[in-house]
Amino acid sequence: MDFWLDLLFGNAIGLSSMIVIFVAVGMIMFMGGFFVYKALQAPGTQ
């Protein structure tokens, strides 16, 4: 746990890299959810 706290708040490089990772994961989850939503709304899938 100390390693992660030091990585997050110890320097700007660690914080920015963690922000980039979390934003990328969030975008992947959004696009995956949007794809599933659009696939279920398409005609002929019910």
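Details
- Residue check for GLN41: over 18 Å from the mean Cα position of the chain (by Cα) and modelled with pLDDT of 80 or more: yes
- Residues satisfying the stated conditions in the range 13-32, i.e. modelled with pLDDT of 95 or more and more than 12 Å from the chain's Cα centre (by Cα): none
The values are calculated or read from the model by the stated rules, or taken from the named source; none is laboratory data. Keep in mind it's a predicted model, so treat the numbers as computed, not measured.
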